[in-house]
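Here's the structure, in structure tokens; my notes come after.
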Amino acid sequence: MKTALITGASGLLGRKVLEAFNRDGWQAVGTGLTRANPPAIVKLDILSKGDVERVLDEVKPDVVVHCAANRFPDSCTSDPDAARALNVTASSDLATATSSRGIFLIYISTDYVFSGAPGEAPYKPTSKPDPPNVYGQTKLDGEKAVLEATNKITAKDTHGGITVPSVVLRVPILYGSCEPSESAVNILMKQIWSSQELSPTDPKIKVDDYAQRFPTNTQDVARVCLDVSKLYLEPGDKMDLPNILQFSSEDKMTKWEIVQEFADILGLPLENMESFKPNEEQQDGVKRPYDCHLDTGALKELGIDVGTVGFRTWWRRELGAFRH
């Protein structure tokens, strides 16, 4: 039986990745800090090299899926040093530790490594990154740090195991079963319900109708992490396998269009909400891209299923709303 270690396993994506590996018969162990729940989710301070090495030596995983990150653009902008410590330094230290032990690592990254300027998408793994904000920059620097740390260890050939011990997996905006605050998609559902309580004299809730988003379900991302792990852990030469992969749904919509979809599913009015076209740099000081659509061709070439659950289908099932 193979073993998987999932960092950030108490978070939006990590929970589903942990479930996917468990369901497939792996011995899957998650890590968390404030929401640790042993033995399924062990406590780990990802910022501590010693703590990381201890957990790796105790669990002895075949693969680590690194979901732990600061993935909130406004938080990264307000405290860039903390964002860099988690998204870059800790990721580099983890890659050094996994590679030196012959452990395959999947580093979860973001579509925000690209500028998202109109007319540039879809982006391939080989497209030139140009992050629009601190969040995207720290995730890009994390990608580079992980691959550089891995290459240094691989060049020494100290572990004698797989030859591609780290892979970057870029994903877009995510949604799934979670608390509203965990997802920029789920929070829109909460806003719809909140708008129902507003009086005609209250300010309307404004929702972005500019940026093109590709909301992707966490269960689908978890499945891809599992499939990538199986492929990259197969015996044989891995020199021709790519070290940067991308996954995304094809459900293209603005946040306002998401709100409209929710309202239609629930049969709720939107009279207390309105769309708007934001300035290039919003009030929180974070510049957000227009369209960062990710090309999934590299995964297709590997024979990995890039299909996703339909956005409307999943939400109707989640909400138990089956209006005709």
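The values are calculated or read from the model by the stated rules, or taken from the named source; none is laboratory data. Note that the coordinates shown come from a computational prediction; the quantities given were computed from them, not determined experimentally. Virtual Cβ from ideal backbone geometry, glycine too; neighbours counted across all protein chains shown. Note: accessible area is taken over every heavy atom of the protein model, side chains too, but ligands, DNA and RNA are not part of it. Shrake-Rupley method; radii C 1.70, N 1.55, O 1.52, S 1.80 Å.
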- Message: Among 298, 135, 199, whose Cα projects farthest towards the positive end of the dipole of the chain, with charges put on the beta-carbon of Lys, Arg (+1) and Asp, Glu (-1)?
- Response: 298
- Query: Taking only the alpha carbons of the chain, what extent do you get along each of the three principal axes, in Å, biggest first?
  - Reply: 67, 38, 37
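Would you compute, from DSSP H runs of 4+ residues alone, the mean residue ellipticity of the chain at 222 nm, taking -39500 (n - 2.57) per run and dividing by the full residue count, rounded to the nearest 500?
-11000 deg cm²/dmol
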- Message: Whole-Hz ³J(HN,Hα) for each residue in the stretch 286-295, computed from phi via Karplus 6.51 cos²θ - 1.76 cosθ + 1.60 with θ = phi - 60°, x for glycine and proline: what do you get?
- Response: 9, 7, 10, x, 7, 8, 10, 3, 9, 7
- The ³J(HN,Hα) series, computed from each phi in the stretch 57-72 with the Karplus coefficients 6.51, -1.76 and 1.60 at θ = phi - 60°, rounded to the nearest Hz and given as x for glycine or proline, is 6, 7, 7, 6, x, 7, 9, 10, 9, 8, 8, 5, 5, 8, 10, 9
- Would you look at the GNM of the chain, springs on alpha carbons closer than 10 Å, and say which of 96, 138, 126 moves the most? 126
- Query: Sorting 204, 300, 128 by accessible area (1.4 Å probe), largest first, what list results?
  - Reply: 128, 300, 204
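Restricting to bridges with both residues inside the chain, how much of the DSSP beta-bridge set is antiparallel, in percent to the nearest 5?
10 percent
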- Item | Length-normalised contact order for the stretch 85-222 - Cα pairs under 8 Å, 6+ apart - percent | 28 percent
- Task: Determine the relative contact order of the stretch 187-291: mean sequence separation of Cα pairs under 8 Å and six or more apart, normalised by residue count, in whole percent.
- Result: 49 percent
- Note on the structure: Sequence order, the stretch 100-107: Karplus ³J(HN,Hα) from phi using 6.51 cos²θ - 1.76 cosθ + 1.60, θ = phi - 60°, Hz rounded, Gly and Pro as x, gives 5, 9, x, 9, 6, 10, 10, 9
- Enumerate the amide H contacts of residue 168 below 5 Å, restricted to partners 5 or more residues apart or on another chain; note that Pro and chain-start residues carry no placed amide H. 107, 244, 245
- Once a ≥ b ≥ c are taken as the square roots of the eigenvalues of the Cα gyration tensor of the stretch 1-90, is the result rounded (a/c under 1.5), prolate (a/b larger than b/c) or oblate (a/b not larger than b/c)? prolate
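If you average the sequence gap of Cα pairs under 8 Å that are 6 or more apart and divide by the length of the chain, what percent do you get for the contact order?
Contact order relative to length: 19 percent.
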- Amide H neighbours of residue 288 under 5 Å, at least 5 residues apart or on other chains, H built in the peptide plane: list them. 282
- Item | Residues with amide H under 5 Å from that of residue 206, placed H, sequence gap 5 or more | 274
- Message: With a 1.4 Å probe and all protein chains left in place, how much of the accessible area of the chain comes from carbon and sulfur atoms, in whole percent?
- Response: 48 percent
- Tensor-based shape of the stretch 34-190 (alpha-carbon gyration tensor, a/c under 1.5 rounded, otherwise prolate or oblate): oblate
- Query: So how do 3, 308 rank on accessible area, 1.4 Å probe, biggest first, that is with the largest at the start?
  - Reply: 308, 3
- Task: Quick one: among 272, 87, 133, which has the greatest mean-square fluctuation in a GNM of the chain with alpha-carbon springs under 10 angstrom?
- Result: 272
- Message: Lysine pairs in the stretch 115-261 with Cα distance under 14 Å, only those 8 or more apart or on different chains: how many are there?
- Response: 6
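Using a ≥ b ≥ c from the Cα gyration tensor of the stretch 62-119 (square roots of the eigenvalues), is it rounded, prolate or oblate, where a/c under 1.5 gives rounded and otherwise the larger of a/b and b/c decides, a/b for prolate?
Oblate.
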- Message: Rounded to whole Å, give me the distance from the Cα center of the stretch 17-76 to that of the stretch 164-227.
- Response: 23 Å
